[in-house]
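Engineer: Shown below is the structure under consideration.
Here, each number is a calculation from the coordinates, and none is a lab measurement. On a predicted model such as this, the values are computed, not experimentally measured, just so you know. Here the Cβ positions follow ideal geometry from the backbone for every residue, glycine too, while neighbour counts run over all protein chains shown.
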Amino acid sequence: MNKEIVSIDSKQTAKILAITTTLISLIFSLIGVVVLIWGSFGKSLYAQTVGVTYILLPLFNFILVYLFSRLTFWIYNKTAAKYGGIMMDLRDPEDTEDTPGN
């Protein structure tokens, strides 16, 4: 059965994308803590700056992903309203016991 995506809730979808990518980017904060500690022992201002930057990276990631996602979905909704949305061919899953996720 063909279905068309005509509108995307930009606020909710952007929030989920931003949270998901921020959780993934938290690895940079761990790297930043290590670099910050290493820079503190070595009295390296450069290493300390890099460490703080890495620690703040997930915050910047959240803000940028959220803003650009909202913009992208807003553009998509305007374009889909005028020209039509993305067409998808969907089917119901087979009712078998070997289906993953059941």
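Engineer: If you go through the stretch 35-48 one residue at a time, how many are surrounded by 12 or more Cβ atoms within 10 Å (Cβ to Cβ) and either among the aliphatic types (A, V, I, L, M) or within 25 Å of the chain's Cα centre (by Cα) (or both)?
Structural biologist: Residues of the stretch 35-48 that are surrounded by 12 or more Cβ atoms within 10 Å (Cβ to Cβ), as a first pass: 35-40, 44, 47-48.
In the following step, the residues that additionally are either among the aliphatic types (A, V, I, L, M) or within 25 Å of the chain's Cα centre (by Cα) (or both) were identified as 35-37, 47.
So the count comes out to 4.
Engineer: Okay, moving on. Are any residues in the stretch 1-17 in contact (Cβ under 8 Å) with a residue 24 or more places away in the chain and among the β-branched types (V, I, T), and if so, which ones?
Structural biologist: Within the stretch 1-17, I5, V6, I8, T13 qualify.
The rows are residues; the columns are (1) under 24 Å from S7 (Cβ atoms); (2) touching a residue at least 40 places away in the same chain (Cβ under 8 Å); (3) touching a helix residue (DSSP H, G or I) at 6+ places or on another chain (Cβ under 7 Å); (4) in a helix (DSSP H, G or I).
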{"residue": "I19", "(1), (2), (3), (4)": "yes, yes, no, yes"}
{"residue": "S25", "(1), (2), (3), (4)": "no, no, yes, yes"}
{"residue": "I31", "(1), (2), (3), (4)": "no, no, yes, yes"}
{"residue": "Q48", "(1), (2), (3), (4)": "no, no, yes, yes"}
{"residue": "F60", "(1), (2), (3), (4)": "no, no, no, yes"}
{"residue": "F68", "(1), (2), (3), (4)": "yes, no, no, yes"}
{"residue": "L71", "(1), (2), (3), (4)": "yes, no, no, yes"}
{"residue": "K78", "(1), (2), (3), (4)": "yes, no, no, yes"}
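Engineer: Return yes or no: is L17 within 13 Å of the chain's Cα centre (by Cα) and surrounded by 13 or more Cβ atoms within 10 Å (Cβ to Cβ)? Before the answer, list the steps.
Structural biologist: Details: within 13 Å of the chain's Cα centre (by Cα): yes; surrounded by 13 or more Cβ atoms within 10 Å (Cβ to Cβ): yes.
Taking the combined requirement at face value, the residue satisfies it.
Engineer: Taking S7 and the conditions (1) among the small types (G, A, S); (2) over 23 Å from the mean Cα position of the chain (by Cα); (3) surrounded by fewer than 14 Cβ atoms within 10 Å (Cβ to Cβ), which numbered condition does it fall short on, given that it satisfies the others?
Structural biologist: For S7, the exception is condition (2).
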